[in-house]
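For reference, the structure is listed below as structure tokens.
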2 protein chains.
Amino acid sequence: MDLSQAIRSIPDFPKKGIIFRDITTLLKDPEALKETMNRLALHYKDEKIDRIVGIESRGFIFGTPLALELGCGFILIRKPGKLPAEVVSQEYELEYGTDKLEIHKDAIETGERVLIVDDLLATGGTAEAACSLVEKVGGEIAGCAFVIELDFLEGRKKLTGRDIFSIVHY
Amino acid sequence: MDLSQAIRSIPDFPKKGIIFRDITTLLKDPEALKETMNRLALHYKDEKIDRIVGIESRGFIFGTPLALELGCGFILIRKPGKLPAEVVSQEYELEYGTDKLEIHKDAIETGERVLIVDDLLATGGTAEAACSLVEKVGGEIAGCAFVIELDFLEGRKKLTGRDIFSIVHY
């Protein structure tokens, strides 16, 4: 199955000149959704992974079923102020200004191997912030998994030394 | 398995006097996560359900694996400005002021039976807005599923006539 056929391209969203890759058409197609999860699970089934981390909010969509499939716990990385217990924060740069992500301080045990999951690898800023958060609370990064990778934005360069897997490339 | 044991209670979050029911401890426990999904799937396995709708963002966590388990497509209801194609909106009341949710206009075919999924039923305002959105785009509500229900807030009253299922009650 060519999963890129299930992803809709929307020109000029969120602003002029950007082609937005819309996964909602993939999600609403039961076969495409199943195939996406099968490909992720197949790639990681023989790896030692203790925890899956999903980045708010589209990382939650793919992270939870992968955690269930691999028999791991699922951990949330969220925007500021959403997690109720003690958190660790990480700022990261956007095109204009900065943003911040948080993880619960007790989310991960020291030395646990953690797979980061998000829908999209663009410039890599969000994913690198997520890796830093996991390391700050004692985890080891097993890899970073994405449904879509925008190759021309070279997000991999920001994630040098990390193991990266993406299903669909643009 | 008593799933309430896997949910952490945090006093005074997000403000004084509120006991926040924290599902992150349930999510990071692989057995509790699996049991949660099994109970949801068991409840709906003999129902005719065409689509699962998850409400941003914690509804995404439980909605996607349930869609996979039941062989349905998964649909997103999101906060304003996040969905890239043509949307339908629904305002709803908060304790102070209003908020808004959106769904893609083409998310659901007329007459499809839709199950709404979220982590928590509190006052019912969000869930009722989600039901209205699904009906506005032509769907029929098969039911509303929650991991946690705060019985004392009487959210069921706002959802009169809807089929409601919750796993853990407070």
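The values are calculated or read from the model by the stated rules, or taken from the named source; none is laboratory data. Keep in mind that this is a model prediction, so the values were computed, not measured. For neighbour counting, all protein chains shown are included, and Cβ atoms are generated from backbone atoms with ideal geometry for every residue, glycine included.
Values for this structure:
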read-out: Residue in the stretch B:58-68 that is farthest from the other protein chains (Cβ to nearest Cβ), counting only those that are in contact (Cβ under 8 Å) with a residue 60 or more places away in the chain and touching a helix residue (DSSP H, G or I) at 6+ places or on another chain (Cβ under 8 Å); value: B:66
read-out: Count of the stretch A:39-57 residues which are surrounded by fewer than 19 Cβ atoms within 10 Å (Cβ to Cβ), in contact (Cβ under 8 Å) with a residue 24 or more places away in the chain and part of a helix (DSSP H, G or I); value: 3
read-out: The one condition in (1) at the interface with chain B (Cβ under 8 Å from one of its Cβ atoms); (2) in contact (Cβ under 8 Å) with a residue 12 or more places away in the chain; (3) within 18 Å of residue A:108 (Cβ to Cβ) that residue A:71 fails to fulfil; value: (2)
read-out: Residue B:82, sole failed condition from (1) in contact with a helix residue (DSSP H, G or I) (Cβ under 8 Å, 6 or more places away or on another chain); (2) at pLDDT 95 or above; value: (1)
read-out: Among residues of the stretch A:1-38, those that are part of a loop (DSSP other than H, G, I, E, B), within 9 Å of chain B (Cβ to nearest Cβ) and among the acidic types (Asp, Glu), counted; value: 1
read-out: The stretch A:156-170, subset of a type in the set (Val, Ile, Thr) and surrounded by fewer than 20 Cβ atoms within 10 Å (Cβ to Cβ), residue farthest from residue A:1 (Cα to Cα); value: A:160
read-out: Residues that are buried (at least 19 other Cβ atoms within 10 Å of the Cβ) and free of Cβ contacts under 8 Å to residues at least 40 places away in the same chain, drawn from the stretch A:130-155; value: A:131, A:141, A:144, A:146, A:149, A:155
read-out: Residue count, the stretch A:74-111 (criterion: farther than 25 Å from residue B:32 by Cβ and of a type in the set (Lys, Arg)); value: 1
read-out: Leading residue by the ranking (nearest to residue A:148 (Cα to Cα)) among those in the stretch A:76-125 that are of a type in the set (Ser, Thr, Tyr) and touching an Asp or Glu at 6+ places or on another chain (Cβ under 7 Å); value: A:92
